[in-house]
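Trainee: The structure that follows is given in the form of structure tokens.
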Amino acid sequence: MLKKVAIIGAGPGGLAAAIALQNLGFDVQVYEKAQEFCPVGTGLGLTPNGLNCLEAIAPGIVTTLKSSGCSVGQTVLKSMNGETIRASSSTFLEQYGQPLLTVWWWRLQQILASRLPSDIIHLNHNCIGFEQDESGVKVYFENGNTIDANLLIGADGVNSAVRETLFAEGKPHYIGSMCWRAVIKYHHELFNSYDLAFIKGKQQFMYLLNVGEGYTSWIYRKFMPDYSLSASVEQVKVRILDELTDWDRSFRAIVEATPAKQIWEGPICDRPPLTSWSQGRVTLLGDAAHPMAPAMAQGANSTFEDVCELQACLSQASSLTEALTNYEQRRIERTSIIQARSAVGEMRYYDIETAKEKQERADLTNEHFSDWLYRYKVFADS
């Protein structure tokens, strides 16, 4: 059916897909636009559905992640002046057999990369398009290189060049939420009692995540119907501290301790669900297929589900067409639901909801939906 697989993007989704398809015996090559792996990215919440899929892809990897990240035990909801509104214990482990695990995106990337031969990951390869026919795909890169493959997988994120070549949609949809974030070596005083803190302001909020090994991820988001980017990295930091003027000292302190060049500023975006992710010998996974707001922490977790299903479909089908058709049928409906509910959840943070959205928010927390989300099993194992 196919021999050589090219994956665009060496984020967690692309690397997990490389591991999974190498397990099937394919010649897998990964192409990444970054010139080097750097300690970047935010803190992620890995939930039982994602952790179980990761373990199926790379047995033993969850144990490694637990030693690098933080298994969340206690969480707290605070007001912007530091008052405790509610504290609770995480019940993920008891209910679903896996914890809520917070980990630095970069640590996750490095742990996945360590499971692959280094010579299959090609940095400084920014995909700018491809052409295909019945026999294969030719992929073009900004550096002038071209490669041939039997299957091309776009795992290149919300601004996917592979998706744009397939569907020519243009820019992603800004949902009205701006984000600033960083990960730094920092022990916040709250972490003496809690592993995760959510601080609610006025149409703005902050997450503090213990992501293990002495690192803290802080994430600040604000409702902004029209977003604008700062003119310099220095202005980014000044802008956040201005926004946090009325906040408790300890929340401002972590931003003050962050070097300006380490702060990422950008809009939260998604895209409308697709009715198909594939054409010919090309398909999508993760944020390239279903970019979503981070409100439900399902971006990475749903990506690892994609990888498990794609691996199962490629191992079971008699043709590539059959495999990719089955892959879409197993994934598109579920990810469309998660995308929609993530968008509703993001606006919930800002208390911006219609009556319909309030009902959908209530549905987010019901036991049936939680079971549907976190007890996910790959189709082949169902």
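The values are calculated or read from the model by the stated rules, or taken from the named source; none is laboratory data. Everything numeric in this text was worked out from a predicted model, so none of it was measured. Cβ coordinates were reconstructed from backbone atoms using ideal geometry, including for glycine residues, and neighbour counts include every protein chain displayed. All accessible areas refer to the heavy atoms of the entire protein, side chains included, with ligands and DNA or RNA removed. Shrake-Rupley method; radii C 1.70, N 1.55, O 1.52, S 1.80 Å.
Trainee: Within segment 48-84, which residues are farther than 17 Å from residue 207 by Cα, of a type in the set (Val, Ile, Thr) and in contact with a Phe, Trp or Tyr (Cβ under 9 Å, 6 or more places away or on another chain)?
Mentor: 57
Trainee: Considering each residue of segment 99-124, count those that are touching a Leu at 6+ places or on another chain (Cβ under 7 Å) and either touching a residue at least 60 places away in the same chain (Cβ under 8 Å) or open to solvent by 60 Å² or more (accessible area, probe 1.4 Å) (or both), and give that number.
Mentor: The number of residues fulfilling the criteria is 8.
Trainee: Are any of the residues in segment 23-42 at pLDDT 95 or above, part of a helix (DSSP H, G or I) and closer than 15 Å to residue 303 by Cβ?
Mentor: no
Trainee: Can you name every residue in segment 140-191 that is over 26 Å from residue 323 (Cα atoms) and either part of a helix (DSSP H, G or I) or among the aliphatic types (A, V, I, L, M) (or both)?
Mentor: If the condition is that a residue be over 26 Å from residue 323 (Cα atoms) and either part of a helix (DSSP H, G or I) or among the aliphatic types (A, V, I, L, M) (or both), then 175, 178, 182, 183, 184, 189, 190, 191 are the ones that fit.
Trainee: Still on this structure, I have one more. Given the condition over 18 Å from the mean Cα position of the chain (by Cα), in contact (Cβ under 8 Å) with a residue 40 or more places away in the chain, within 27 Å of residue 281 (Cα to Cα) and open to solvent by 20 Å² or more (accessible area, probe 1.4 Å), answer yes or no: does some residue in segment 47-62 qualify?
Mentor: Within segment 47-62 (the criterion being over 18 Å from the mean Cα position of the chain (by Cα), in contact (Cβ under 8 Å) with a residue 40 or more places away in the chain, within 27 Å of residue 281 (Cα to Cα) and open to solvent by 20 Å² or more (accessible area, probe 1.4 Å)), the answer is yes, since at least one residue qualifies.
Trainee: Then there's this: Kindly indicate the residue of segment 160-185 that is among the hydrophobic types (A, V, I, L, M, F, W, C) and surrounded by fewer than 16 Cβ atoms within 10 Å (Cβ to Cβ) and also nearest to residue 230 (Cα to Cα) among those meeting that condition.
Mentor: Out of the qualifying residues, it is 168.
Trainee: Can you pull out every residue in segment 262-288 that is open to solvent by 60 Å² or more (accessible area, probe 1.4 Å) and under 26 Å from residue 15 (Cβ atoms)?
Mentor: If the condition is that a residue be open to solvent by 60 Å² or more (accessible area, probe 1.4 Å) and under 26 Å from residue 15 (Cβ atoms), then 262, 264, 273, 279, 287 are the ones that fit.
Trainee: Residue by residue through segment 23-62, note down the ones that are closer than 29 Å to residue 338 by Cα, in contact with a Lys or Arg (Cβ under 6 Å, 6 or more places away or on another chain) and not β-branched (Val, Ile, Thr).
Mentor: 58
Trainee: If you don't mind, another one. Could you grab the pairs with beta carbons closer than 9 Å, sequence gap of 6+ or different chains, first residue in segment 139-151 and touching a residue at least 24 places away in the same chain (Cβ under 8 Å), second one surrounded by 13 or more Cβ atoms within 10 Å (Cβ to Cβ) and hydroxyl-bearing (Ser, Thr, Tyr)?
Mentor: 139/31; 141/31; 147/31; 147/140; 151/283
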